[in-house]
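The values are calculated or read from the model by the stated rules, or taken from the named source; none is laboratory data. Everything numeric in this text was worked out from a predicted model, so none of it was measured. Every residue, glycine as well, gets a Cβ built from its backbone with ideal geometry; the counts of neighbours run over all protein chains shown.
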């Protein structure tokens, strides 16, 4: 047997094996999608989210979140997780109040944002804080509200009001008339 016939004997089985590998590997996209698709998974995931809402070119609201997950079905919602901070701006462009919580949801269809878990809204000008477990911000009429129990504190004075439910503006001082069922006195 000469050298060329032994190389040819090796080449032919190698070529047959390679052709078998090439034609046996077919990616069926439907099968891949069925295996990897999760209908409950978010369509978009963002870390260190920063969203700025403006009105007539002026900053009105800034939203910060450690983690954001966006879903389009059944409703267009973004879930904010791990830490949420919202800054509310005056017409002059300075921060009037801040709101912090551990969780939030923005519903783009209704224009309402819900935050819950360790919610604190702090009015920087009046040095007041509103604490509750759940709070809603309606972007259309710029109100914040809840049916949950609220505690209002003022720096240097402690608790100055409490009660069940409140409707107020993130741009104004918290008043006794804002609380639905007030307890105690509110200055």
Residue set 97, 66; condition without any contact (Cβ under 8 Å) to a residue 24 or more places away in the chain, surrounded by 15 or more Cβ atoms within 10 Å (Cβ to Cβ) and out of contact with any helix residue (DSSP H, G or I) (no Cβ under 6 Å at 6 or more places or on another chain); output residue 66
*Within the stretch 127-139, is there a residue that is within 17 Å of residue 55 (Cβ to Cβ) and surrounded by fewer than 18 Cβ atoms within 10 Å (Cβ to Cβ)?*
yes
Residue count, the stretch 100-118, condition free of Cβ contacts under 8 Å to residues at least 24 places away in the same chain and under 14 Å from residue 144 (Cβ atoms), comes to 3
Matching residues in the stretch 174-187 (within 24 Å of residue 85 (Cβ to Cβ) and either without any contact (Cβ under 8 Å) to a residue 40 or more places away in the chain or loosely packed, with under 14 Cβ neighbours inside 10 Å (or both)) number 1
Would you confirm, using the coordinates I've provided, whether residue 109 is at pLDDT 95 or above, surrounded by fewer than 19 Cβ atoms within 10 Å (Cβ to Cβ) and in the same structural domain as residue 40 (by TED's automatic domain parsing)? no
Note: among 115, 151, just one is under 29 Å from residue 47 (Cβ atoms), assigned by TED's automatic domain parsing to the domain that holds residue 170 and in contact with a strand residue (DSSP E or B) (Cβ under 6 Å, 6 or more places away or on another chain), namely 115
All-but-one check, residue 110 against (1) touching a strand residue (DSSP E or B) at 6+ places or on another chain (Cβ under 8 Å); (2) over 18 Å from residue 174 (Cβ atoms), failing number (1)
